[in-house]
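Quick note: the coordinates plus some simple rules give every number you see, no bench work behind them. Everything quoted here is computed from the prediction, not taken from an experiment. Counting neighbours? That spans all protein chains shown, and the Cβs are built from the backbone with ideal geometry, glycine included.
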Amino acid sequence: MKRLAAQEQRILSLVADDAALLHVATPRVRFVNTSNGPCYEALFNRIELDRATLALPEPLLRIVVAHEVGHATQRKTMLLDFAWTVLSVMMLLSVPCIVFAISSEDDLWRITFPGIGFAFTLFVCLKIWSVRAAKRAAAFELDADAKAAALCGPALALAALEAMAARGHVDAARLDAMRARLVSTSQ
Ligand SMILES: [Zn+2]
């Protein structure tokens, strides 16, 4: 228990150091027992670290921490993205509500076709949004990896990504990007 508390203190000081180097407000840290892997919650400016990640060797753990603090530098953009998505969905959903509100019961058949058109538009918009969100999330990951590599070096960053990939938390695109970074810095 004592060892765990000491390790948590060590993580907190690592987070504070990385945040100072990256010029961002120090995120809070939440230690959890799940096995979902580490993550950053922009809404609360909070890093979540699971026990399996804490069991990584110290150099790799430092990279994971640096990556998560790297996400804190994207906080404003993440929150604006989230706000924009919520606003867009609300605006889109308000259209049929307004149409129903101003139509009389007798007119309901007249809104059937526009209704179908609306449902189709909503479906297309949600598809576009989900593709865009996936692209944005991938870009955020690459950017956080780049910040971790800048703080701790690309060789260690790659080793950490490989360790996380073995647990299924990192995709091939991130590994490839880090390998390319390592090659370009060693030339
Ligand atoms: Zn990440």
How many Å³ per residue does the convex hull of the Cα positions in the stretch 52-102 occupy?
82 Å³
If HIS169, HIS23, HIS71 are placed from fewest to most neighbouring beta carbons inside 10 Å, the sequence is HIS23, HIS169, HIS71
Using +1 at the Cβ of each Lys and Arg and -1 at the Cβ of each Asp and Glu in the chain, identify which of SER104, ALA16, GLY117 lies farthest towards the dipole's positive end.
ALA16
Could you tell me which of rounded, prolate or oblate describes the stretch 31-77, using a ≥ b ≥ c as the square roots of the eigenvalues of the alpha-carbon gyration tensor, with rounded for a/c under 1.5 and, failing that, prolate when a/b is larger than b/c and oblate otherwise?
oblate
Of all DSSP beta bridges located in the chain, what percent are antiparallel, nearest 5?
40 percent
Computed helical MRE - 222 nm, the chain, DSSP H runs ≥ 4 contributing -39500 (n - 2.57), nearest 500
-25000 deg cm²/dmol
Contour minus Cα-Cα span, ASN36 to LEU80, at 0.36 nm per residue, comes to 13.3 nm
Packing rank of 37-47, 130-140, where each peptide gets the mean count of other beta carbons within 10 Å, highest leading:
37-47, 130-140
Residue-ordered couplings for the stretch 153-164, obtained by feeding phi - 60° into the Karplus form 6.51 cos²θ - 1.76 cosθ + 1.60 and rounding to whole Hz (Gly and Pro as x), are x, x, 5, 5, 4, 5, 4, 5, 4, 5, 5, 6
Can you compute log10 of I(q)/I(0) for the stretch 93-187 with the Debye formula, treating each Cα as one identical point scatterer, at q = 0.15 Å⁻¹?
-0.67
About its Cα centre, how strong a charge dipole does the chain have in debye, to the nearest 20, once Lys and Arg get +1 and Asp and Glu get -1 at the Cβ?
460 debye
In a Gaussian network model of the chain with springs linking alpha carbons closer than 10 Å, the residue among THR26, THR73, THR121 that fluctuates most is THR121
Phi-derived 3J(HN,Hα) across the stretch 60-71 with the Karplus relation (6.51, -1.76, 1.60, θ = phi - 60°), rounded Hz, x for Gly and Pro, is 6, 4, 4, 5, 4, 4, 4, 4, 5, 5, x, 5
Restricted to Cα positions, what overall size does the stretch 9-103 have along the principal axes? Three whole-Å values, descending.
65, 30, 17
Under 5 Å between amide H atoms, partner at least 5 residues away or on a different chain: which partners does VAL29 have, H built in plane at 1.01 Å?
ILE47
Rounded to two decimals, the Debye log10 I(q)/I(0) of the chain (Cα scatterers, no solvent) at q = 0.18, 0.20 Å⁻¹ is -1.17, -1.36
